[in-house]
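Values quoted throughout were computed directly from the atomic coordinates according to the rules given, and no laboratory measurement underlies them. Please read these numbers as outputs of a predicted model, since none were measured by experiment. In this analysis, Cβ positions are derived from the backbone assuming ideal geometry, glycine residues included, and neighbour counts consider all displayed protein chains.
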2 protein chains.
Amino acid sequence: MRSSILHLLRQHSGDYLSGEEIARQLAVSRTAVWKHMQELKQEGYAIDAHSRRGYRLRQVPDLLLPAEIRSAARTRRLGREIHYFTHIDSTNNEAKKLAFAGAAEGTLVVSEAQNSGRGRLSRGWFSPEQLGIWLSVVLRPPFSPQDAPKCTLLAAVAITRAIGSVCQVTCGIKWPNDILYEGRKLVGILTEMSAEMDAINHIIIGMGINVNMRSSDFPPDLRPIATSLAEITGQPVSRLKLLTAVLMELEELYQAAVTCGFTEVLNEWRKYSVTLGQTVDITGINRQYSGLAVDIDEDGALLVETATGIQKVLAGDVSLRPKKTETKRE
Amino acid sequence: MRSSILHLLRQHSGDYLSGEEIARQLAVSRTAVWKHMQELKQEGYAIDAHSRRGYRLRQVPDLLLPAEIRSAARTRRLGREIHYFTHIDSTNNEAKKLAFAGAAEGTLVVSEAQNSGRGRLSRGWFSPEQLGIWLSVVLRPPFSPQDAPKCTLLAAVAITRAIGSVCQVTCGIKWPNDILYEGRKLVGILTEMSAEMDAINHIIIGMGINVNMRSSDFPPDLRPIATSLAEITGQPVSRLKLLTAVLMELEELYQAAVTCGFTEVLNEWRKYSVTLGQTVDITGINRQYSGLAVDIDEDGALLVETATGIQKVLAGDVSLRPKKTETKRE
């Protein structure tokens, strides 16, 4: 209902619309309209109310509110069910709980801030209030667990596409789960799954996108290695617009993968990769070695050419050797 | 403490031991000894108490009580922490909850009956009270998620070994998760995991072992396809002894896999397999086909020779073509 009211107010872009007219169009009482307006104001919408002229939407809050996401994202399943928080420990943790309790595919958890945002292998992820996009999506793919690592690559491609279209910034993907700009972290992706040996119960794709931080917003130790879209473009970026674009790209690529497999995703990943063609250091569970990253294979594993042959890297950490990585501003 | 009291009573195998002596050896008060004896009686231990002669252990209940398991299983980690139930929905569900709450590696969930015992792909598993072994173990292996399917094979080998040593019955393993005797189901294994893309959070190995059912205990639809150890051997089997043997074999194989990899497990699996050398029907997510099961590969995948080449089967169902499978009684 609130989505419908916002939709009507937006259609009149800044003009007044009478409570009577709204009530008529939505077939509810004028009291109901008034109540919803109060709630919208509480959420941060600047709505002018005039006794004769009616209501006017003056400003939408810079928050990732469910009603805004639902109205802006033309998706079929991703982000139809939204759990919104101003603060949360970690959106992935919340999404996991929801998934175990039976949450539908596409359920979105989004928070303005994370108190203990997580990256891979329990590392932290700096997630300050309203300066980034911190979200997790629940998927229930018909893939086997062996296909799960490719979902990280798929998410990376979706985010890279969305950043390209919304901000005209071309970034690079570092295998398997970071998106970089000039070697600095812009986006982290954390994919987690619950599975039987031959069927996935659910996959949680979590992402942290650094949007509107200035360099001074980052803790000192992160300043040399992290960046944000506002830093890159020199202007604030609409988090809502970017989030919406991410959801739409993600849904498109995911549906394609479910229907036709991952070939398109892997090809596009190769195009955006800043890992392929580089000398990489691999820190595995038990050993460490170096080699040339030559390709990814059909499982999404990194193929590294070493003195003793091609190594297939699935687990473990990859460091790129210090060298200027190729990224460009379009 | 109760384990220690039971240990003392057992050492005197049926003879009386004075409360004073027990109190002295365990450095507790006689009142404490008396209280523990009451608790043991409540759990079903038949303990004779005589005012002058003391206490005597006459009979141990046919239950899989934690004190019994701990005292009988010479394991270092598996089954040190035990969660015991008379009834539960599913031991795997309980183990999952415990694992998410931080349960240590080796934590064991055991129940006398399961109300909704689960097999693969949400199929049911008939788990009547005190007639089988229904348990789940929490593992936290340093493997990558790609190694997880081999944990099912490892559990199958451990159980096959334990059944061989306790009951002198040689059974066959049907890829990936059933143990059969003359083509009928004796054991099911359900392995579930929670993982990031390159690290396992935890693996739950659940197993249902049909021990003391007679054919008439099974629902009519299961009678032609299920069997129990009591049916095979013609006599009741000690569930405690078998459970203990399973835990010990499982720990031994698991430690070996953590230290040296899965080669030994895969070789032993091949030996027990009733799938290799058979024509199998594969029901995958999207397609169905037949072929000759020729081997398992280093990932634990089944290799099936078809008209169009060797297929690697990881997900999906395998049916053996109707044909007498080779199993024998030693």
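For the range B:35-116, a simple Cβ point-charge model (Lys and Arg +1, Asp and Glu -1, everything else neutral) yields a dipole of about 500 debye relative to the Cα centre. With contacts taken as Cα pairs under 8 Å at a separation of at least 6 residues, chain A carries a relative contact order of 14 percent. As a rough guide to protection, the peptides A:222-231, B:242-251 ranked by mean Cβ packing within 10 Å, highest first, stand as B:242-251, A:222-231.
Of all beta bridges that DSSP places with both ends in chain A, some 85 percent have antiparallel geometry.
Sort the range A:186-308 into rounded, prolate or oblate with this rule: let a ≥ b ≥ c be the square roots of the eigenvalues of the Cα gyration tensor; rounded if a/c is under 1.5, and if a/c is not under 1.5, prolate when a/b is larger than b/c, oblate otherwise. Cα axes put the range A:186-308 in the oblate bin.
Of all beta bridges that DSSP places with both ends in the protein assembly as shown, some 90 percent have antiparallel geometry. Local charge for A:Leu240 was computed over the other residues whose Cβ lies under 10 Å away, with Lys and Arg +1 and Asp and Glu -1, and equals 0. Put a plus charge on the Cβ of each Lys and Arg, a minus charge on the Cβ of each Asp and Glu, and nothing anywhere else: the dipole of chain A about its Cα centre is then about 900 debye. The rotation axis bringing chain B onto chain A passes closest to the chain B residue reported with its distance as B:Ser194, 3, by C-beta distance in whole Å.
Across identical copies of the chain, A:Ala101 has label-point separations of 1.7 nm, listed in ascending order, with the point defined 7 angstrom from Cα along Cα→Cβ. Each other copy holds its own label point for B:Cys260; taking that point as 7 Å from Cα along Cα to Cβ, the gaps run 4.9 nm, nearest first. Report the local net charge at A:Gly132: Lys and Arg +1, Asp and Glu -1, summed over other residues whose C-beta lies under 13 Å from its C-beta. Around A:Gly132, the surrounding residues sum to -2. Among residues other than A:Phe85 with Cβ under 12 Å from its Cβ, the summed charge is -4 (Lys and Arg +1, Asp and Glu -1). For the pair A:Asp281 and A:Asp297, label points projected 7 Å from Cα toward Cβ lie 2.6 nm apart. Screening chain A for DSSP H helices whose Cα atoms reach 24 Å or more along their own axis and whose mean Kyte hydropathy is at least 0.0 gives A:148-167, A:239-260. Note on B:195-208: average number of Cβ atoms from other chains within 10 Å of each residue's Cβ is 5. Averaged over peptide B:91-101, the number of partner chain Cβ atoms lying within 10 Å of each residue's Cβ comes to 1.
For chain B, the orientation-averaged shadow of the C-alpha convex hull comes to 18.7 nm² (one quarter of the hull surface).
The overall shape of the range A:2-59 is rounded: from the C-alpha gyration tensor, with semi-axes ordered a ≥ b ≥ c, the ratio a/c is less than 1.5. Using a 7 Å projection from Cα along Cα-to-Cβ, the label point at A:Thr279 is separated from the same position in the remaining copies by 5.7 nm, smallest value first.
Taken about its Cα centre, the range A:2-59 carries a charge dipole of about 60 debye when Lys and Arg each add +1 at the Cβ and Asp and Glu each add -1 at the Cβ. Using a Gaussian network for chain B with springs between C-alpha atoms less than 10 Å apart, which of these wobbles most: B:Glu298, B:Glu105, B:Glu68? Evaluated over chain B, the most mobile residue of the options is B:Glu298.
If you restrict to DSSP beta bridges whose two residues both lie in the range A:110-234, what percentage is antiparallel, to the nearest 5? Antiparallel: roughly 95 percent of the beta bridges in the range A:110-234. Taken residue by residue and averaged, Cβ atoms of other chains lying within 10 Å of the Cβ of A:146-155 number 3. Among B:Thr275, B:Thr308, B:Thr86, which one moves the most in a GNM of chain B with springs linking Cα atoms closer than 10 Å? Ranking B:Thr275, B:Thr308, B:Thr86 by mean-square fluctuation puts B:Thr308 first.
Mean separation of Cα pairs under 8 Å and 6 or more residues apart, divided by the residue count, gives the range B:2-59 a relative contact order of 41 percent.
Comparing A:Val313, A:Val265, A:Val33 in a Gaussian network model of chain A where C-alpha atoms under 10 Å apart are linked, the largest mean-square fluctuation is found at A:Val33. Our estimate of slack between B:Arg123 and B:Thr308, defined as 0.36 nm per intervening residue step minus the Cα-Cα distance, is 63.4 nm.
The calculated FRET efficiency for B:Ala104 paired with A:Ser238, based on their beta-carbon distance and R0 = 35 Å, is about 0.15.
Taking the average, over residues, of other Cβ atoms within 10 Å as the packing measure, peptides B:143-154, B:175-186, A:69-80, A:9-20 rank B:143-154, B:175-186, A:69-80, A:9-20 from highest down. If the chain linking A:Thr86 and A:Asp15 were pulled fully straight, counting 0.36 nm for each residue of separation and taking away their Cα-Cα distance, it would gain 22.5 nm.
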